[in-house]
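Below you'll find the structure, written out as structure tokens, and then a few comments.
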Amino acid sequence: AGHVSGVALGRNVYNGTMVFLDRFAGERAVPNPHLFVSGMTGSGKSVTLRLLTLLEADFGTRTAFVDPENEYAHFVRRLDGQSVFLEPGRFSGMNVLDVEAEVVEEGGVWKEKVNVLDKISDVQAWLTAVFRYNAGKGLEMRELALVEEAMRELYRERDVTEDPESLYEGGVKKPMPTLTDLQARLSQKPGARELADSMMPLLAGGSLGMFDGQTTLKLADAPLIGFHLKAIGSDFARFVAVFAVLSWLWQKFAQKGGKALKKCVAVDEAWMFLRHPDVAGYLEVLARRGRKHGCALTVATQRFEEFTSTEAGRAVIESCASILVLRQEDHAADAAVDYFKLSGGCKRLLATATPGKGILRVAGVTTAVQIEPALFEWDLVETKVN
């Protein structure tokens, strides 16, 4: 079962043969490289994610973790990765209005292009999500239009066009617009004063001012990158941070190198954010975009039913060609069996499985698997919270 190439993830529960997973085998073998992992506390979910990351790193895959509980900080450090610890009110080094050239296909030809409209859409989506979380409603069409108008003006003033060379002056990247610039510009526009005032907490010095400033963070050429969020205590601030980090990773990490460079963005404990349709929707967008650029998305959760209870959550699952379901609580085991149309034997396995045992489905082929780190790998992959 599984692939004939890739990483040796574990053994078939019933016949003992090795189970290989190759998420980057190509669309003829697997429609996309995305993976959904679900398992209750103690099921081996986090160990499995670290093992898969470790094994894929041997094949040159780089992984960026979105880590709500700092459970991957030790792992990233041991493998000489790069860690970014986010804190409330402290600038993260990431400017959400920064733009980069991306490789796009036009008329069968691949070329570099600066897509300002995509960046405007990302910022509009982020602000809409933030306002909806905090005030119960997102931006209205008129407010979205004002944000677009203000951002277009800010990039135009810096002579930023579709040409990648327009990002540089004298070989040095130009200062990009910031949230402070956007807020100031909106405050000058008729009808945008309330919107501008509502943005104040997102600015430098504000309680959510983690993304207002010129980009200083440079992603190292490291196998692992961790964005660790445990210091951000409130749900709202974590929500703001996760959305912004995902948007920033899309431009600075996911697109780099195109399909020639294998990459993965891994979001652990995604149930924390799934209650907000905006984040779930953005994960689904990243899955769709990432496939074109050789970037996998790994989404992991303790709470399977929270994913299947929303349209956005179901869209995330359906975006993943590979599914791994580890031990579930009884009611969640029923839900998983029903959702994936598994057999009664699968239900018994999911309800009683020991750590690392579960059901792996890849491109419609289902296998009962036991995840097996080697003895020398355990010290790296076991959970150690920093």
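Check Val114: other-chain or 5+ apart residues with amide H under 5 Å from its amide H, H built from backbone geometry?
Residues meeting the amide H criterion: Glu102, Asp163.
Using Cα pairs under 8 angstrom and six or more residues apart, how large is the relative contact order of the chain, in percent? Could you put the intermediate results ahead of the total?
Numbers: 742 pairs, mean separation 112.7, N = 386.
RCO, the chain: 29 percent.
Can you compute the charge dipole magnitude of the chain about its Cα centre, using +1 on each Lys and Arg Cβ and -1 on each Asp and Glu Cβ, nothing else charged? Give it in debye, rounded to the nearest 20.
680
At 222 nm, what helix-only mean residue ellipticity would the chain give, in deg cm²/dmol to the nearest 500, using -39500 (n - 2.57) for each DSSP H run of four or more?
-11000 deg cm²/dmol
Could you state how much accessible area Arg185 has, in square angstrom rounded to the nearest 10, with a 1.4 Å probe and all protein chains kept in place?
40
Answer rounded, prolate or oblate for segment 74-148, using the Cα gyration tensor with square roots of eigenvalues a ≥ b ≥ c: rounded when a/c is under 1.5, else prolate when a/b is larger than b/c, else oblate.
Oblate.
Compare Arg193, Arg361 by solvent-accessible area with a 1.4 Å probe and give them largest first, with all protein chains kept in place.
Numbers: Arg193 130, Arg361 60 Å².
So, going from the largest accessible area down, we get Arg193, Arg361.
Report, to the nearest 10°, how far helix 45-57 tilts away from the longest principal axis of the Cα atoms in the chain, using its own Cα long axis and a range of 0 to 90°.
Around 80 degrees separate the two axes.
Label points 7 Å out from Cα along the Cβ direction at Arg156 and Glu106: separation in nm?
Using points 7 Å along Cα→Cβ, the separation is 2.0 nm.
Leaving out same-chain residues fewer than 8 places away, which lysines sit with a Cα under 23 Å from that of Lys137?
In chain and number order, the partners are Lys119, Lys189.
Starting from the Cα-Cα distance between Arg28 and Arg193, subtract it from 0.36 nm times their residue separation and give me the gain in nm to one decimal. Before the final figure, lay out the partial values.
Working: separation 165, 0.36 × 165 = 59.40 nm, distance 5.26 nm.
Answer, rounded to one decimal: 54.1 nm.
Multiply the residue separation of Tyr14 and Ala135 by 0.36 nm, subtract the distance between their alpha-carbon atoms, and state the gained length in nm to one decimal.
Here the segment from Tyr14 to Ala135 would lengthen by 38.3 nm.
Compute the distance from the alpha-carbon center of segment 1-80 to that of segment 339-378, in whole Å.
Centre-to-centre (Cα) distance: 13 Å.
Using only Cα atoms and rounding to the nearest 10 degrees, what angle (0 to 90) does helix 141-157 make with the longest principal axis of the chain?
Helix 141-157 sits at roughly 70 degrees to that axis.
In degrees, nearest 10, range 0 to 90: what is the angle between the Cα axis of helix 235-249 and the longest Cα principal axis of the chain?
90
The values are calculated or read from the model by the stated rules, or taken from the named source; none is laboratory data. Not measured: the values here are computed from a predicted model. Note that we place each Cβ from the backbone using ideal geometry, even for glycine, and neighbour counts take in every protein chain shown. Please note that ligands, DNA and RNA were not included when accessible areas were found on the heavy atoms of the full protein model with its side chains. Shrake-Rupley method; radii C 1.70, N 1.55, O 1.52, S 1.80 Å.
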